[in-house]
Amino acid sequence: MKTYTYQMKTGIVRTKEFERKCLATHGVNVGLKCGHDCTYCSTPTMIRAHKAFKQLNISAFDNGYALVAPDTPQRVAHDSKHIKNRGMIQLCTISDAWSPEAQKYDLGRKCLEAVLSKPGWTVRILTKNAAVENDFDIISKYRDRVLLGLSITATPDKTNIISITEPNASPIPERLQVMQKAKTSGFRTYAMLCPLLPGIADSPDQIDELVKKAADFGAEEIFAEAVNPRGRGLILTQQALENAGFHNEAKTVETIRSQVNWSSYVAKLIRNLQQSVRKYSDINKLRFLLYPKGLTTNDLTEIKNDDAGVIWL
Ligand code: SF4
């Protein structure tokens, strides 16, 4: 994988969107293109017009490269000291501070140190990389001010399929091991079940298993989300699955490219999650992030009949 470096201007940024999602008041990002290379990643759609891509003569939608900002910790250190209204920072919102290229510059660790050495800040870590375990010593030091979540996007038996859709992220069993270790270390944890792809991670049994695991590692909150239908994520996911020989799964992903089917998948996902969380955890912990645009009137009405745990965006 080719790695480009780029000097970004932002350190800690206020984020109203992530506040609405009940995730964080502020965000930090260590780059513009994450080397985990998930096929469904929505970051390229969001930042495709960023001038970095023009300057480097690359497209946000190309694969096989990462774009990282090695000097992020300096900007974060400056902001963590000077921002007066402090809150919860999500590390990261559009990249991953433990992706392979971020690890090369030790960005996760350095950003954690830069933030947590100043009072008043808490950090929500979101990563798909087990390398976060290397920084457990810092998390341990500030354990009351850190919430740890590794995205769990499928049950362990689907590891081979997830290695196609999330080619450079840690395998699911490794992520689960780190979450379990976090629990035994007495850390605060939350679950991030996102995205739960159709035909791969959305059946009632699969969701039961994921929710039980979240309860096992003591998740304070259980976030979940459907795959984002915007941009090229669905078609890239379908193609990658098809090329790898997962024809049934590719077909199911293709199915939800139609709005009616996407809406039905989302409505069922919500019901399955509510059912599992009520059974194995606490419905007050569920945070299903829902953009209602794209839902059919029937599904919208049906979801509104019981929207426990739904965060309307
Ligand atoms: S880990 Fe997150 S930011 Fe990185 S490629 Fe995957 S979805 Fe995108």
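The values are calculated or read from the model by the stated rules, or taken from the named source; none is laboratory data. A quick note: this is a predicted structure, and the numbers were derived from the prediction, not measured. Cβ placement follows ideal geometry from the backbone for every residue including glycine, while neighbour counts extend to all protein chains displayed.
The table for this structure:
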{"quantity": "Residue check, TYR105 more than 27 Å from LEU289 (Cβ to Cβ) and more than 13 Å from the ligand (Cβ to nearest atom)", "calculated": "yes"}
{"quantity": "Residue satisfying all of: in segment 41-66; farther than 20 Å from PRO171 by Cα and under 14 Å from the mean Cα position of the chain (by Cα); nearest to the ligand (Cβ to nearest atom) among these", "calculated": "THR43"}
{"quantity": "Residue satisfying all of: in segment 119-148; within 16 Å of the ligand (Cβ to nearest atom) and in contact with a helix residue (DSSP H, G or I) (Cβ under 8 Å, 6 or more places away or on another chain); farthest from GLN103 (Cα to Cα) among these", "calculated": "LEU148"}
{"quantity": "Matching helices (runs of 4 or more DSSP H) fully within segment 226-312 where at least 2 residues are among the acidic types (Asp, Glu) and surrounded by 14 or more Cβ atoms within 10 Å (Cβ to Cβ)", "calculated": "247-255, 297-305"}
{"quantity": "Filter result (outside any loop (DSSP other than H, G, I, E, B) and either out of contact with any Asp or Glu (no Cβ under 6 Å at 6 or more places or on another chain) or surrounded by fewer than 15 Cβ atoms within 10 Å (Cβ to Cβ) (or both)) within segment 1-24", "calculated": "LYS2, TYR4, THR5, VAL13, ARG14, LYS16, GLU17, PHE18, GLU19, ARG20"}
{"quantity": "Residues (of a type in the set (Asp, Glu) and either without any contact (Cβ under 8 Å) to a residue 12 or more places away in the chain or outside any loop (DSSP other than H, G, I, E, B) (or both)) located in segment 151-174", "calculated": "ASP157, GLU174"}
{"quantity": "Any hit, segment 26-40, residues being of a type in the set (S, T, N, Q), modelled with pLDDT of 95 or more, surrounded by 15 or more Cβ atoms within 10 Å (Cβ to Cβ) and within 16 Å of the ligand (Cβ to nearest atom)", "calculated": "yes"}
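A quick yes/no check of all residues on (1) farther than 21 Å from THR93 by Cβ; (2) not small (Gly, Ala, Ser):
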| position | (1), (2) |
| --- | --- |
| THR155 | yes, yes |
| THR159 | yes, yes |
| ILE162 | yes, yes |
| GLU166 | no, yes |
| PRO173 | yes, yes |
| MET179 | no, yes |
| ARG188 | no, yes |
| PRO198 | yes, yes |
| ALA201 | yes, no |
